[in-house]
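First up is the structure itself, then whatever we jot down about it.
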Amino acid sequence: MLVYRVPGSLDNEELTAALWDAGAGGLEERQGFLRAYFDGRVPLDDVPGLAGGEWVDEPDRDWQADWKLGLKPVQAGRVTVVPSWLVQDVPQGQLTLIIEPGMAFGTGHHATTRMAIEALSVLELRGERVLDVGTGSGVLAMAASLLGAESALGVDIDPLTIPVAFENAELNGFTRGEDGLTGPQGGQLDFREGTLDGEAFEDEDRYGVLVANLYAELHDLLAGDYREALVPGGPLVLTGILESKLPLVRDALDREGFTDVVERLDGEWALVTARN
Ligand code: SAM
């Protein structure tokens, strides 16, 4: 791997433009140096700003291995989310939820996923039917099931997420039977393509708990459907909300008559819980 290493930062537009113009295949900033990756040496000594640099021939890096090393278990309430190769790092007493980082959102590393699992962890889910709107990797529906829900259904508008969610369920020891998947705690789990106002919900009983990691504008649009899908008094857990968009969600919940609205922040992200 051939690198041209020159003092500077990615903020220096003149420098970065000169490196791209010279044919760099990638740029990186490390400890006060800009590192530009090249396929072969090119004359750079005459280029303004680049003269102080040096060529370094570095051993090839295994990016996949580096990336894997960077992943850590995520502890969220009573659940720890891990990729399969870190299962042994789950602290004793925590429920293990394996998610292979892949095509669908929801590895636990995002603040919104973490906050949603924390919110589910403090609810009494035993005997409850849980609906997870925007299931992605299936992480929240599976967390609900591990936390004791009688059944959990994850729906997503993106058809690509559904097979990924089923694969993740198998990884977590959910077994397939005639009535869908059965979890290690005995609860039922299913994933379907769809959304709240879709056919997936015709003739369904109401749900005891509804969790949705979407975004503020969509929560505003769906708030009336949340109300209809939930049993009276049922807890609603909403996230994917930027702090700046909280008023939109607050107003929507108020408009639909939700009560006990509580907000929580993690960095720029918010989670809102309420009761139907
Ligand atoms: N539930 C996972 C988590 O908490 O990490 C994934 C959340 S991800 C931020 C949002 C997911 O919602 C995506 O998989 C997206 O395809 C899905 N989505 C977006 N709009 C939707 C809608 N109207 N109905 C259902 N799912 C939707």
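The values are calculated or read from the model by the stated rules, or taken from the named source; none is laboratory data. Because the structure is a prediction, the values reported are computed rather than measured. Heads up, the Cβs are rebuilt from the backbone with ideal geometry, glycines too, and the neighbour counts pull from every protein chain shown.
For Ser121, are the conditions met, namely being among the small types (Gly, Ala, Ser) and surrounded by fewer than 24 Cβ atoms within 10 Å (Cβ to Cβ)?
Yes.
Can you report the number of residues in the stretch 99-158 which are near the ligand (Cβ under 7 Å from one of its atoms) and more than 22 Å from Val231 (Cβ to Cβ)? It would help to see each step written out before you state the result.
Quick first cut of the stretch 99-158, residues near the ligand (Cβ under 7 Å from one of its atoms) only: 104-106, 110, 112-113, 116, 132-137, 139-140, 155-158.
Now narrow it down to the ones that are more than 22 Å from Val231 (Cβ to Cβ): 104-106, 110, 112-113, 136-137, 139, 156-158.
Residues in the stretch 99-158 being near the ligand (Cβ under 7 Å from one of its atoms) and more than 22 Å from Val231 (Cβ to Cβ): 12 in total.
So, Val82, is that one more than 24 Å from Leu222 (Cβ to Cβ) and either without any contact (Cβ under 8 Å) to a residue 40 or more places away in the chain or more than 9 Å from the ligand (Cβ to nearest atom) (or both) or not?
yes
Inside the stretch 174-188, can you point out the residues that are loosely packed, with under 10 Cβ neighbours inside 10 Å and either in a loop (DSSP other than H, G, I, E, B) or not small (Gly, Ala, Ser) (or both)?
Glu178, Asp179, Gly186
Write out, first by first residue and then by second, each pair whose Cβ atoms fall under 7 Å of each other, whose residues are 6+ apart or on separate chains, and whose first residue, in the stretch 113-131, is in the same structural domain as Gly148 (by TED's automatic domain parsing) and under 16 Å from Leu214 (Cβ atoms) while the second is in a strand (DSSP E or B) and charged (D, E, K, R).
As it stands, the answer is Met115/Arg264; Met115/Asp266, since those pairs meet every condition given.
With Asp158, Asp132 as the choices, which residue is of a type in the set (Asp, Glu) and assigned to a loop (DSSP other than H, G, I, E, B)?
From the options Asp158, Asp132, the qualifying one is Asp158.
Applying the selection to the stretch 222-254, what residues are within 16 Å of Asp156 (Cα to Cα) and of a type in the set (A, V, I, L, M, F, W, C)?
Correct list: Leu222, Ala229, Leu238.
Show the residue pairs meeting these rules: Cβ distance below 9 Å; 6+ apart or different chains; first residue within the stretch 231-242 and closer than 18 Å to Ala144 by Cα and away from the ligand (no atom under 12 Å from the Cβ); second residue small (Gly, Ala, Ser) and assigned to a loop (DSSP other than H, G, I, E, B).
Val231/Gly208; Gly234/Gly208; Pro235/Gly208
When residues of the stretch 172-191 are filtered for being over 22 Å from Thr112 (Cβ atoms) and within 16 Å of the ligand (Cβ to nearest atom), how many remain?
Residues of the stretch 172-191 over 22 Å from Thr112 (Cβ atoms): 173-188, 190.
In the following step, the residues that additionally are within 16 Å of the ligand (Cβ to nearest atom) were identified as 190.
Total meeting the criteria: 1.
Can you tell me which residue in the stretch 217-276 is nearest to Asp205 (Cα to Cα), limited to those that are basic (Lys, Arg) and assigned to a strand (DSSP E or B)?
Ranking the qualifying residues of the stretch 217-276, first place goes to Arg275.
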